[in-house]
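A short worksheet on the structure shown next.
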């Protein structure tokens, strides 16, 4: 059956190629990866989307470079158009998740992405996506570039840069990230805090305890989770009052953080 659908990828009928790509993706059979990669240049937008979607469903990291190369060379493609929409989140996250950790060994992919960021071919949404990709390459040579983007760029690029720095986990980013804990953008403050939690440098503990009093509930939630991840018991006294938070999301985050800081034995009664 697999061979039948692989053969149908060569059909002159785009509907048949589309159905074949769908079936191969749904099979989640890694033997379908190579023929789907070969089908990426299909001149039919619907088929190309099905091929990308199928490769994401299979989840084999060898598909990352060909998909990203396609995105780099076809900035006006229908796939890009779909990825920019809210419903394109599955595609965006799917491509990000395909990027192998070992990419930093040769750096070829991250070099292509850097070149794209330095040019003017791509719009803000596309550049933000490429910035996030840098965080998935595990290439710490790009920390300085990401810090520059965090400081100098527009809000969407700043948010992407903070996420990428958190993914890379390099402590060199901590001091610069902490400068944005008072940024006027709620989303920037939130993502910076999440990045600090991922990096794991306890230098951030005191500023994060202050962030527990932020006016925005998503920022307070992020601060509680980050403090739990950092594992510094100095945060216990700052987290405890949040158990009486009216916002249940923040309250739950504080409780989970306290459990981590108490080595899983934390108990409380809220009256």
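Residues in segment 225-237 that are in a helix (DSSP H, G or I) and either out of contact with any helix residue (DSSP H, G or I) (no Cβ under 6 Å at 6 or more places or on another chain) or closer than 19 Å to residue 174 by Cβ (or both): 225, 226, 227, 228, 229, 230, 234, 235, 237.
Annotation note: of 120, 115, the sole residue that is part of a loop (DSSP other than H, G, I, E, B) and at pLDDT below 90 is 120.
Flag not set for residue 271, criterion: at pLDDT below 95, assigned to a loop (DSSP other than H, G, I, E, B) and on the phi > 0 side of the Ramachandran plot. Every listed requirement among (1) in a loop (DSSP other than H, G, I, E, B); (2) under 23 Å from residue 160 (Cβ atoms); (3) touching a residue at least 24 places away in the same chain (Cβ under 8 Å) is met by residue 79 save one, (1). Kindly establish whether residue 94 is surrounded by fewer than 22 Cβ atoms within 10 Å (Cβ to Cβ) and farther than 16 Å from residue 195 by Cβ. In short, yes. Scanning segment 9-24 for residues that are surrounded by 14 or more Cβ atoms within 10 Å (Cβ to Cβ) and within 12 Å of residue 48 (Cα to Cα) turns up 9, 14, 17, 18, 19, 20, 21, 22.
Considering only segment 16-58, state which residues are in a loop (DSSP other than H, G, I, E, B) and either over 22 Å from residue 94 (Cα atoms) or free of Cβ contacts under 8 Å to residues at least 24 places away in the same chain (or both). Within segment 16-58, just 43 meets the criteria. For segment 132-158, the candidate set comprises residues that are outside any helix (DSSP H, G or I) and over 16 Å from the mean Cα position of the chain (by Cα); within that set, the residue that is modelled with the highest pLDDT is 154. Of everything listed in (1) touching a helix residue (DSSP H, G or I) at 6+ places or on another chain (Cβ under 7 Å); (2) free of Cβ contacts under 8 Å to residues at least 12 places away in the same chain, the single unmet condition for residue 13 is (1). For segment 238-266, a residue qualifies if it is outside any helix (DSSP H, G or I) and closer than 14 Å to residue 213 by Cα, and the qualifying residues are 245, 246, 247. Looking at 189, 221, 172, 198, just one residue is over 25 Å from residue 130 (Cβ atoms), in a helix (DSSP H, G or I) and in contact (Cβ under 8 Å) with a residue 24 or more places away in the chain, and that residue is 221. Given the condition out of contact with any helix residue (DSSP H, G or I) (no Cβ under 6 Å at 6 or more places or on another chain) and more than 29 Å from residue 136 (Cβ to Cβ), answer yes or no: does some residue in segment 176-186 qualify? No, because not a single residue in segment 176-186 is out of contact with any helix residue (DSSP H, G or I) (no Cβ under 6 Å at 6 or more places or on another chain) and more than 29 Å from residue 136 (Cβ to Cβ). Restricting attention to segment 59-76, the residues that are outside any helix (DSSP H, G or I) and in contact (Cβ under 8 Å) with a residue 40 or more places away in the chain add up to 1. Residue 182 meets the conditions (1) surrounded by fewer than 16 Cβ atoms within 10 Å (Cβ to Cβ); (2) under 24 Å from residue 56 (Cα atoms); (3) more than 14 Å from the chain's Cα centre (by Cα) in every case but one. The failed one is (2).
The values are calculated or read from the model by the stated rules, or taken from the named source; none is laboratory data. These figures come from a predicted structure and were not determined experimentally. Note that each Cβ is placed from the backbone with ideal geometry, even for glycine, and that neighbours are counted across all protein chains shown.
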